[in-house]
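I have placed the structure first, in the form of structure tokens, so that the comments after it can refer back to it.
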Amino acid sequence: MNKNTTAILLIILGIIVLALPLLGLIAVSILAGFALALLGIGLIVVGNGDLKESFSLGLLEVILGIIALILGLGFIINPALFSFVAGLLISLAGLFLIIVGLVSIFTKKGEYRWNGIITLIIGIIYLLLGYLVKNPFILGILIGIWLLLLGIMLFLQRD
């Protein structure tokens, strides 16, 4: 499939997801859940093998595998969980950026304080976006916009 065909398909898919945002969220949630469940199974299998060589590493892999498997199955069964986890992770990133920005503002001097101010502003934006993304409908709309923009950028890209 050539680049223009892929771009047109992404644009069409983006329009469909914008028209039916919850349907798009369900599809993304199921795909992500399936991939995460496979990752979890892989980590469990590899972790069991590593238990003999390094107990702590093997145990860590098994625990991470169980968490990934549970989250993957949760995403498949309940797409709203996908939205909640996405919102939570974006909010945590925003909180981290706010802390880094504040530390930078109060510890840096001169022009380097602007880096902290910009980081603080981006952190606040992330925090607000994380709050919005917890709503499955809004996350579906954002997925549709992302697909549409990706298709447009791919279509306009030079060979």
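Being in contact (Cβ under 8 Å) with a residue 60 or more places away in the chain, under 26 Å from Ile77 (Cα atoms) and surrounded by fewer than 16 Cβ atoms within 10 Å (Cβ to Cβ): is that true of Ile8 here?
no
Report, ordered by the first and then the second residue, all pairs with beta carbons closer than 9 Å, sequence separation of six or more or different chains, a first member in region 70-95 that is modelled with pLDDT of 95 or more, and a second member that is polar (S, T, N, Q) and surrounded by fewer than 20 Cβ atoms within 10 Å (Cβ to Cβ).
Cβ pairs passing all conditions: none.
Scan (1) surrounded by 14 or more Cβ atoms within 10 Å (Cβ to Cβ); (2) modelled with pLDDT of 90 or more; (3) of a type in the set (Val, Ile, Thr) for the single condition Val103 breaks and write down its number.
(1)
Failed condition for Lys134, given (1) under 21 Å from Leu25 (Cβ atoms); (2) surrounded by 19 or more Cβ atoms within 10 Å (Cβ to Cβ); (3) in contact with a Gly (Cβ under 8 Å, 6 or more places away or on another chain), with all others met?
Every listed condition holds for Lys134 apart from (2).
In contact with a Phe, Trp or Tyr (Cβ under 6 Å, 6 or more places away or on another chain), in a helix (DSSP H, G or I) and under 30 Å from Asp159 (Cα atoms): which single residue out of Ala32, Ala7 fits that description?
Ala7
Which residue, of Gly47, Gly33, Gly42, Gly65, is more than 30 Å from Ile124 (Cβ to Cβ), surrounded by fewer than 16 Cβ atoms within 10 Å (Cβ to Cβ), in contact (Cβ under 8 Å) with a residue 12 or more places away in the chain and not β-branched (Val, Ile, Thr)?
Gly42 is the lone residue from the list that is more than 30 Å from Ile124 (Cβ to Cβ), surrounded by fewer than 16 Cβ atoms within 10 Å (Cβ to Cβ), in contact (Cβ under 8 Å) with a residue 12 or more places away in the chain and not β-branched (Val, Ile, Thr).
The values are calculated or read from the model by the stated rules, or taken from the named source; none is laboratory data. Nothing here was measured: the structure is a model prediction, and the numbers come from that model. As a convention, Cβ positions derive from the backbone with ideal geometry for all residues, glycine included, and neighbour counts pool all protein chains shown.
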